[in-house]
Amino acid sequence: MSETELFIHGESTPAAGEATLTLVDPATGEEVVQVAAGTEADVDEAVASARDAVTDWTGMSTEDRAELFFELSDALLEREDELATLEMEDTGKPISQARSGVRSCARYFEYYAGITDKIRGDSIPVGDGYVDYTVREPLGVTGHIIPWNFPLNILGRTIAPSLASGNTVVIKPDEHTPRTAVEVAKIAHEVGFPPGTINVVPGHGSRAGAALSSHPDIDGVSFTGSVETGIEVAKSAVSNVNPVHLELGGKSPLAVFPDADLEAAAETAVDAIFGRNAGQVCTAASRLLVHEDIHDELVDLVVERAGELSIAAGPDDPDIGPLVSEDQLDRVQSYVDVGRSEVGEPIIGGTSPDRSGYFFEPTIFDDVDNQTRIAQEEIFGPVLAVIEFADEREAIELSNDVEYGLVAGVFTSDLGRAHRYAREVQAGRVFVNDWFAGGKNAPFGGYKSSGFGREKGLEAIDSFTQTKNVCANIEF
Ligand code: NAD
C-alpha cells in the first residue's frame, strides 16, 4: 500500500496501475516511502472530475469563492508544522525554508481571495447605436505541472489565480516531491472546495505529465520547469490549440558597480546563490558581474561570507541543506568538473562534504569568461561564476549575453545607472540594490528562453482567463 494516493473528485484515490514513486531522504540517500504514481488512466479520471466541477465552481458567487480561499489560507497556516515537515522531507530543504513555502502558499490564496470579485471587463465606444463590452471568462480546466524545488510555493502561485479566475485544476507535482500537493488538495476539500475543483495526480513526467499537457479535454496549461520539458509541454498544448504559459530556467546576473555598498552587495550575492534551497532556484544569481576596480575587495567579502554558511540536514535548519536527489548532485558535480577544465580550480568549494546524502559545498569560480559553459548553462546548484567588467555598457552586454532572461540585479548608488540598467537588461524582473524582493502582487515571468506568460499579481489572471467581446446593436 502506498502511503499517499492520488486526490481526485474530493477523495483519496488509488492509482489505476501498480506504478509507484520511491521517495528518498536527500540528507541520507535512504528510502522514506513509496507513493502511488498515476498514469494516463488516472489523468483521464482527474480531468473528467475537473470538467464535471466547472459548472458548480463558476456558478458559485465570488464572495463564497473568496471565503473558501481565506479558509484554505488559514487552514494551511494551522497545519504549517505538518506541511513544512513533509516539504522538508521531500526536498531536503532547511526547515525554516520549508515553513516559508507553507506561508507562501497560504499567502497566494489570501491574495487571490481578494481578486475573485475584481475580474472585470471594459466598455468600448464602437459607435452610436451599439453597446460593446468585454467579459473575462475562465478557460475551463487548467493543467499545472510543477517542479521539485519549491513545491508548495509554486503550487500556490499557479493554482490560486486559476481557481480565482473560475477554472478547476489538475495538478501534476514532481516525482520527488508529490506529497504536499496531495495534502493541500485534501485540506481544500476539508474547508469546502467542491469535489473536483482541485485534483492531484502524482506520477512520472513522461507518463502523467505528458498525459496532462496533451490531454484533449483541458483548456490551458501552466508549466514550471526546465526549458527542454517546457518546449515539449508547449508543443502538446499547441497541438490542442490550448494556451500555455511557461516558467523556465535562468542564468541571472547580479552586476555590482564601484559606487555600491559593497558589504550589502556581498551579503546579497551570497544569499542570492547559496542562501535558498542550496542554489536550486530559478531566480538564483548564478553570475556575479563585478567592476574591475572592486573585484578583489568584493570577491574577498563574498568568499568570507560564503565560508560562514552552515551545511546540514533540514531539521538542523542550516543555511544549506542537501540537493534534492542523486541525479541533481551528479549534475552539479559534473558542471563543477566542466568549470575546472574551462576556468581552473574554484576559489572555494568544488566538492561534496564528507558525509552521506546529497550535499554540495558552496562553490565559486573566479575570473570566468562569460562564453564558458558554466557561465551560460543553468547548473541549478550552489555554484557561482564571477565575471569581471570594465564599464556600464559591458555590464549590460554581459548580463544579456545568455539565452535566459528571468531576473537580473544591479548594485549601485547612482540612480540614473540603476534605471539605465533596468531599461536595457532583458529580464522579466530587475532588482535594484536587492534580490528576491517583490511580493505576491508583483508579476513574475521570463524573457527569452526563461518563458512567457506571467504569474503572480493581477497579470496572472490574464493567463487563466479569455476575453469575450459582446457587441450589441441597441437600435435594432
Ligand atoms: P523538469 O522540466 O525536469 O520537470 C518539471 C516538471 O515537469 C515535473 O513535474 C516533471 O515530472 C514534469 N515533466 C517531465 N517530463 C515531462 C513531460 N514530457 N511532459 C510533461 N511533464 C513533464 O524540471 P526540474 O528539473 O524538475 O526543475 C528544474 C527546472 O525548473 C529548472 O530549469 C528551473 O530553473 C526551473 N524552474 C523555473 C521556475 C520559474 O518560475 N521560472 C521555478 C522553479 C523552477
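The values are calculated or read from the model by the stated rules, or taken from the named source; none is laboratory data. Since this is a predicted model, take the numbers as computed values, not measurements. FYI the Cβ positions are ideal-geometry reconstructions off the backbone, even for glycines, and counts take in every protein chain you see.
Whenever a residue of the stretch 355-378 is β-branched (Val, Ile, Thr), its partners that are assigned to a loop (DSSP other than H, G, I, E, B) and surrounded by fewer than 16 Cβ atoms within 10 Å (Cβ to Cβ), lying with C-beta atoms within less than 9 angstrom and at least six residues away or across chains, give the pairs 363/351.
Can you pull out every residue in the stretch 1-16 that is surrounded by fewer than 20 Cβ atoms within 10 Å (Cβ to Cβ), under 25 Å from residue 88 (Cβ atoms) and at pLDDT 95 or above? Passing the criteria: only 12. The condition of being farther than 30 Å from residue 325 by Cα and either within 16 Å of the ligand (Cβ to nearest atom) or not aliphatic (A, V, I, L, M) (or both) does not hold for residue 380. Identify, please: which residue in the stretch 316-355 is away from the ligand (no atom under 16 Å from the Cβ) and of a type in the set (Val, Ile, Thr) and is, among those, farthest from residue 94 (Cα to Cα)? By that ranking, first place goes to 343.
Checking the structure you have, find out if any residue of the stretch 158-168 is farther than 25 Å from residue 117 by Cα and of a type outside the set (S, T, N, Q).
No, the conditions are met nowhere in the stretch 158-168.
Against the definition (surrounded by 23 or more Cβ atoms within 10 Å (Cβ to Cβ) and modelled with pLDDT of 95 or more), how does residue 380 come out, yes or no? So residue 380 passes the test.
Only one entry of 385, 390, 418 meets the criterion of being of a type in the set (A, V, I, L, M), at pLDDT 95 or above and within 23 Å of residue 332 (Cβ to Cβ), and that entry is 385. Note on the stretch 323-380: among residues that are among the hydrophobic types (A, V, I, L, M, F, W, C) and over 28 Å from the mean Cα position of the chain (by Cα), the one that is farthest from residue 270 (Cα to Cα) is 343. Put simply, of 459, 455 the only residue that is surrounded by 21 or more Cβ atoms within 10 Å (Cβ to Cβ) and within 16 Å of the ligand (Cβ to nearest atom) is 455.
Please find, within the stretch 163-179, the residue that is surrounded by the fewest Cβ atoms within 10 Å (Cβ to Cβ) out of those that are part of a strand (DSSP E or B) and more than 11 Å from the ligand (Cβ to nearest atom).
Quick first cut of the stretch 163-179, residues part of a strand (DSSP E or B) only: 168-172.
Adding the requirement that they be more than 11 Å from the ligand (Cβ to nearest atom) leaves 168-170.
Details: 168: 30, 169: 28, 170: 30.
The selected residue is 169.
State whether one or more residues within the stretch 102-115 are on the phi < 0 side of the Ramachandran plot, of a type outside the set (S, T, N, Q), surrounded by fewer than 16 Cβ atoms within 10 Å (Cβ to Cβ) and not in a helix (DSSP H, G or I). Checked the stretch 102-115: at least one residue is on the phi < 0 side of the Ramachandran plot, of a type outside the set (S, T, N, Q), surrounded by fewer than 16 Cβ atoms within 10 Å (Cβ to Cβ) and not in a helix (DSSP H, G or I).
A quick yes/no check of all residues on (1) crowded, with 18+ Cβ neighbours inside 10 Å; (2) within 26 Å of the chain's Cα centre (by Cα); (3) in the same structural domain as residue 211 (by TED's automatic domain parsing):
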position	(1), (2), (3)
18	no, no, yes
39	yes, yes, yes
74	no, yes, yes
77	no, yes, yes
88	yes, yes, yes
96	no, yes, yes
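If you take the residues in the stretch 137-153 that are in contact with an Asp or Glu (Cβ under 8 Å, 6 or more places away or on another chain) and not hydroxyl-bearing (Ser, Thr, Tyr), which one is surrounded by the fewest Cβ atoms within 10 Å (Cβ to Cβ)?
Going through the qualifying residues, I end up with 140.
Check the stretch 410-422 and report whether any residue there is within 15 Å of the ligand (Cβ to nearest atom), of a type outside the set (Ser, Thr, Tyr) and touching a Lys or Arg at 6+ places or on another chain (Cβ under 9 Å). No - not one qualifying residue is present in the stretch 410-422. In this entry, residue 469 passes the filter for residues that are farther than 17 Å from residue 247 by Cβ, away from the ligand (no atom under 16 Å from the Cβ), loosely packed, with under 15 Cβ neighbours inside 10 Å and of a type outside the set (D, E, K, R). Of the residues making up the stretch 282-305, those that are of a type in the set (A, V, I, L, M) and buried (at least 22 other Cβ atoms within 10 Å of the Cβ) are 284, 285, 288, 289, 290, 298, 302.
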